[in-house]
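Structure, as structure tokens:
The values are calculated or read from the model by the stated rules, or taken from the named source; none is laboratory data. These numbers were taken from a predicted model, which means no experiment stands behind them. These accessible areas exclude ligands, DNA and RNA; they are computed on the full protein's heavy atoms, side chains included. Shrake-Rupley method; radii C 1.70, N 1.55, O 1.52, S 1.80 Å.
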Amino acid sequence: MAVDRLPDGKWQLTLHDLEPVSVHRLTSDKLHIILAPSCAEAPAAVGAPPRAPDPIQIDTAARTVAIDGRQIDIPRLEFDLLAHLVLHPRRAFTRQQLMAAVWPDCRSSDRTVDVHIARLRRRLGPGRRKLITTVFGIGYKYLPIP
């Protein structure tokens with residue numbers, strides 16, 4: 001990642017092997033950007049067993065979601081939440097961490113996360129809803145293989 005000041009006084013952010021997941025303007029001079037590794041497949045280790053494809057594919061540039069190869073429509077806030085979880089598999093996040101990462105300027109209750117998780121699970125359907133697991137006493141995490 002490189003940040004350069006342009007001759008006109010603006011700033012240029014160059015991302016190498018990173019894609020923006022979401023961009024939120026906090027104030028006129030502050031921007032909150034969530035970055036993640038690009039969707040390009042990393043080469044498999046020599047001798048490692050082939051990895052099963054992830055059931056949920058996130059294209060952060062096109063802001064699309066595909067489940068088992070079938071593209072679904074998803075609202076912006078739910079996309080941001082799902083993208084954050086999928087791009088950080090197996091990592092447990094508290095509700096506060098998810099609020100800060102996905103909705104940094106939101107002053108709602110932490111239960112907002114619960115509502116959006118429930119909606120996401122319904123959209124994923126009965127066969128894939130368990131991919132987003134509840135970590136009791138903590139929050140949520142994404143497990144690519146339930």
Would you check the accessible area of LEU77, probe 1.4 Å, heavy atoms only, in square angstrom rounded to 10?
60
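Assuming 0.36 nm per residue, please report the length gained on full extension of the stretch ALA66 to LYS130 beyond their Cα-Cα distance.
In short, 21.4 nm is gained.
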To the nearest 10 Å², what's HIS84's accessible area with a 1.4 Å probe?
20
For a quick check of understanding: with a 1.4 angstrom probe and all protein chains in place, what accessible area in square angstrom does ARG76 have, to the nearest ten?
130
